[in-house]
Amino acid sequence: SQQGEEDPQALSIQEGENATMNCSYKTSINNLQWYRQNSGRGLVHLILIRSNEREKHSGRLRVTLDTSKKSSSLLITASRAADTASYFCATDSWGKLQFGAGTQVVVTP
Amino acid sequence: NAGVTQTPKFQVLKTGQSMTLQCAQDMNHNSMYWYRQDPGMGLRLIYYSASEGTTDKGEVPNGYNVSRLNKREFSLRLESAAPSQTSVYFCASRATGGPYGYTFGSGTRLTVV
């Protein structure tokens with residue numbers, strides 16, 4: 001069973017727009033992480049937010065975490081064509097990551 | 001370049017054949033993981049090794065075995081491949097003392113016919 005579920009499953013935007021995707025999970029966590037996967041490649045770690053944090057920024061990425069609602073969101077600002085990829089949330093419970101099915105993002109020039 | 005190296009990148013097996021997927025990391029990480037990725041299902045944990053000398057089952061261990069050969073290497077073996085094991089397999093590693101993100105290899109695309 002999957003711990004995290006992303007919404008939407010797919011997202012199509014134009015360059016310069018913001019992209020927002022959400023993740024919901026079921027059980028308590030130590031931290032939540034977001035990864036990017038370009039087509040046919042491995043996953044790349046983007047950002048980690050601990051369970052006692054509410055918001056975190058890294059460059060054009062902003063992540064929020066609401067443990068009371070068991071949900072997180074990833075915002076990519078001023079998107080670029082190079083941001084085209086699948087994005088996965090993953091919950092870390094005692095050293096094991098569980099992944100959601102991902103959000104496929106397409107950024108058109 | 002530092003990272004996680006997986007071999008082979010592609011493999012086609014016949015049902016019933018066996019094979020070993022190799023994974024090595026050069027970052028001195030203690031923990032290593034094997035995941036499989038199927039369309040629309042994200043990644044599912046097969047086996048993991050929290051440290052050298054230990055291995056534990058993940059979410060979908062049936063049909064697989066693992067060996068933590070040393071701190072660098074963590075192999076995944078399919079003893080008798082089945083079409084249901086057609087998937088993309090990813091190895092990952094992580095430093096302890098974190099929390100830290102995982103570093104993933106580029107994957108092995110396995111087809112069982």
task = Please arrange A:LYS69, A:LYS26, B:LYS71 by counting, for each residue, the other beta carbons lying within 10 Å of its beta carbon, fewest first.
result = A:LYS69, A:LYS26, B:LYS71
inquiry  = Taking 35 Å as R0, compute the FRET efficiency from the Cβ-Cβ separation of B:LYS71 and A:THR108 and round it to 0.05.
reply    = 0.20
task = Please give the FRET efficiency for A:LYS69 paired with B:ARG109, using the beta carbon to beta carbon distance and R0 = 45 Å, rounded to the nearest 0.05.
result = 0.75
query = If you take all C-alpha pairs in the stretch A:17-109, what percent of them are over 24 Å apart?
reply = 16
ask   = By counting other Cβ atoms within 10 Å of each Cβ, how are B:SER84, A:SER72 ranked from fewest to most?
value = B:SER84, A:SER72
ask   = Using a Gaussian network model of chain B with C-alpha springs under 10 Å, which one of B:TYR102, B:TYR35, B:TYR47 is most mobile by mean-square fluctuation?
value = B:TYR102
request  = Please report the Cα spread of the protein assembly as shown along all three principal axes, rounded to whole Å, starting with the longest.
outcome  = 49, 37, 35
request  = Please average, across the residues of B:33-45, the number of beta carbons from any other chain that are within 10 Å of each residue's own beta carbon, and give a whole number.
outcome  = 4
remark   = Per the Kirkwood formula over distinct C-alpha pairs, the hydrodynamic radius of the stretch B:5-64 in angstrom is 13.3
Nonlocal Lys pairs with alpha-carbon distance under 19 Å, the protein assembly as shown (8 or more apart, or different chains) = 9
note = Label model pair A:ASN52, B:ASP38: point-to-point distance (7 angstrom along the Cα→beta-carbon line) in nm is 3.9
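What Kirkwood hydrodynamic radius, in Å, does chain B give when the mean of 1/r is taken over all pairs of distinct Cα atoms and then inverted?
Numbers: mean 1/r = 0.0716 Å⁻¹.
Kirkwood hydrodynamic radius for chain B: 14.0 Å.
Each reported figure results from applying straightforward, stated rules to the coordinates on display, with no laboratory input. Everything numeric here is computed off the predicted structure, so don't read it as measured data. Note: ideal-geometry Cβ built from the backbone for every residue, glycine included; neighbour counts use all protein chains shown.
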